[in-house]
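Here's the structure, in structure tokens; my notes come after.
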Protein chains: 2
Amino acid sequence: MCPSPVPDGVDRGWIIPIGGGEEKESNPQILKRFVDLCGGDAADIVVLPTASRLVETGERYEALFSGLGAARVTTIDFDTRRDCNEPSRLERIAQASGIFMTGGNQLRLSTIVGGTPVAKLIRLRNAEGVHVAGTSAGASFISEHMIAFGEEGPTAVAGGVRLAPGLGLTNRFIIDQHFRERDRMGRLMTALAYNPFAVGLGLDEDTAAFIGPDNVLEVEGSGGITVLDASDISFTSMDVVDEGQPVSMLGLVLHQLVAGNTFHLSTRQASAGRLARQKR
Amino acid sequence: MCPSPVPDGVDRGWIIPIGGGEEKESNPQILKRFVDLCGGDAADIVVLPTASRLVETGERYEALFSGLGAARVTTIDFDTRRDCNEPSRLERIAQASGIFMTGGNQLRLSTIVGGTPVAKLIRLRNAEGVHVAGTSAGASFISEHMIAFGEEGPTAVAGGVRLAPGLGLTNRFIIDQHFRERDRMGRLMTALAYNPFAVGLGLDEDTAAFIGPDNVLEVEGSGGITVLDASDISFTSMDVVDEGQPVSMLGLVLHQLVAGNTFHLSTRQASAGRLARQKR
């Protein structure tokens, strides 16, 4: 579904996809910035471990966010679609200043949470100013068009990616995660070749896109973010190629961003950001 | 992208997906109703034959709409993404009271028109009251989540469908066409299993969904429309099944609609509509 309308006079909450494998011990800069954004020692965070089948996933993030100073952290399990209609769990989400979705399998999120009151509430609260982060599968689920799975490799191949509807906090980009580590350039390009309207964001591990209410994305973390802008391509053969064959795409714009760089999702302008200031 | 916001005091234009193979000679009730909706003898219709590779496709619909009394009918070719930036063609679309997208291959529409000024203009004009119809591939392209292709058969099979981003006039449903003729129940169910938020509309040939600004759909034509409402399913195994294996989905609601029946896309209520009145 489309994002909830942002009420007058309110700033939409930040949207923070993380590429998975974020540093948790020595220098947890991404998780720290998320806690600070949510209010620091006043932060009230709910952790949704739905994507994961591991019992300890929620508890682990609870301990991490508490250790980083959050006032209140609660893991809420949604393991069935029935869970997603349970008033007390919805009420707890409605209190939070930040919502965090763990990694696992993004199809668990879309099949269990999709179309339920939980999905609607997260969109509503984000429009009202609550920050929403997701790592790995949790990052993929954030956008309207979600990469469910696909093939490894650096080039676009027909049939190399499978899309599914996601949560829909935004429709400006399509996310892929573990980008460098799992060699996913090709599948992100294939996703864009279907319909070049969206921006592709390939997030390396331990790397996050902090996207403000002004739709400016700033990179945080130790890896890179590959931005693929297909809006000005002059041609793609996606409509005529056979499964398994390479896809022609002419005129993609690619930005490789690192920590401090920014990308404006409305104007599609990349900028050196605080990196340029550091060089002076 | 999301639908353009409807301006205050304006009714959104009708959205009319057609299942392909609509009757053109003896009783062209669907095309006739479209022309009447667009103003009858004042109708100004543009035909977009982009999905088709046949030269005569646009001309054929031009003759049909003129024969049904439309005042002005123009075929506009968009065969490249560059064409979609051409001011005079955009200007012509902006004048029309109705926009008609022909059949062919929906990936030609999404790859050529997606993300261009033409796509934005069609969304804008629909929000401002212009009616938009599409048949076959043109119908599939209408919605935000588009079935690009998939497998035949009556049951949901993992990997049996491939989704791509469409035009985005609405995000309330996912369309499939030639539904009975090409045995597409399974692939529509598979699409819904990914994320049950949307309503599935399976359109038989010579059958159209006339969807008004109130989001009430009325069936027109000689076939049926299968409505699949997955929003209350209690379970799906889509996140764990292997490619090619059957998918578990519990609690789908199915409506088989024929001409005169209605379905409210907001409340998800089906009604006998004018069929009930005829029985009295």
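The values are calculated or read from the model by the stated rules, or taken from the named source; none is laboratory data. All of these numbers come straight from a predicted model, not from anything done at the bench. Ideal geometry is used to build each Cβ from the backbone, glycine not excepted, and the neighbour counts take in all protein chains shown.
Some points to look at:
- Candidates are the residues of segment B:204-247 that are part of a loop (DSSP other than H, G, I, E, B), of a type in the set (Asp, Glu) and within 14 Å of chain A (Cβ to nearest Cβ); the one that is surrounded by the fewest Cβ atoms within 10 Å (Cβ to Cβ) is B:242.
- Restricting segment B:55-74 to residues that are assigned to a loop (DSSP other than H, G, I, E, B) and free of Cβ contacts under 8 Å to residues at least 40 places away in the same chain, the residue that is surrounded by the most Cβ atoms within 10 Å (Cβ to Cβ): B:70
- Scanning segment A:124-140 for residues that are of a type in the set (A, V, I, L, M) and in a loop (DSSP other than H, G, I, E, B) yields a single hit, A:130.
- Residue, surrounded by the most Cβ atoms within 10 Å (Cβ to Cβ), within segment B:81-103, restricted to residues that are within 14 Å of chain A (Cβ to nearest Cβ) and either more than 26 Å from residue B:71 (Cα to Cα) or charged (D, E, K, R) (or both): B:81
- Pairing each residue of segment B:37-52 that is hydroxyl-bearing (Ser, Thr, Tyr) with any residue that is part of a loop (DSSP other than H, G, I, E, B), provided the two are 6+ apart or on different chains, yields C-beta distances under 6 Å for B:50/B:78; B:52/B:102; B:52/B:104.
- Within segment A:141-160, considering residues that are out of contact with any Asp or Glu (no Cβ under 7 Å at 6 or more places or on another chain) and in a strand (DSSP E or B), the one surrounded by the fewest Cβ atoms within 10 Å (Cβ to Cβ): A:149
- Criterion applied to B:31, B:121 was being in a helix (DSSP H, G or I), crowded, with 17+ Cβ neighbours inside 10 Å, without any contact (Cβ under 8 Å) to a residue 40 or more places away in the chain and more than 14 Å from every other protein chain (Cβ to nearest Cβ), and the one residue passing it is B:31.
- Pick from segment A:161-178, criterion surrounded by fewer than 24 Cβ atoms within 10 Å (Cβ to Cβ) and not in a strand (DSSP E or B), ranking: farthest from the other protein chains (Cβ to nearest Cβ): A:178
- All of A:260, A:224, A:251, A:273 fail the test of being at pLDDT below 95 and either within 30 Å of residue B:52 (Cβ to Cβ) or not small (Gly, Ala, Ser) (or both), apart from A:251.
- Test: residue in segment A:3-16 that is within 14 Å of chain B (Cβ to nearest Cβ), of a type in the set (A, V, I, L, M, F, W, C), over 19 Å from residue A:92 (Cα atoms) and in a loop (DSSP other than H, G, I, E, B): yes
- Within the set A:130, A:118, the sole residue that is modelled with pLDDT of 95 or more, touching a Gly at 6+ places or on another chain (Cβ under 6 Å) and of a type outside the set (Gly, Ala, Ser) turns out to be A:130.
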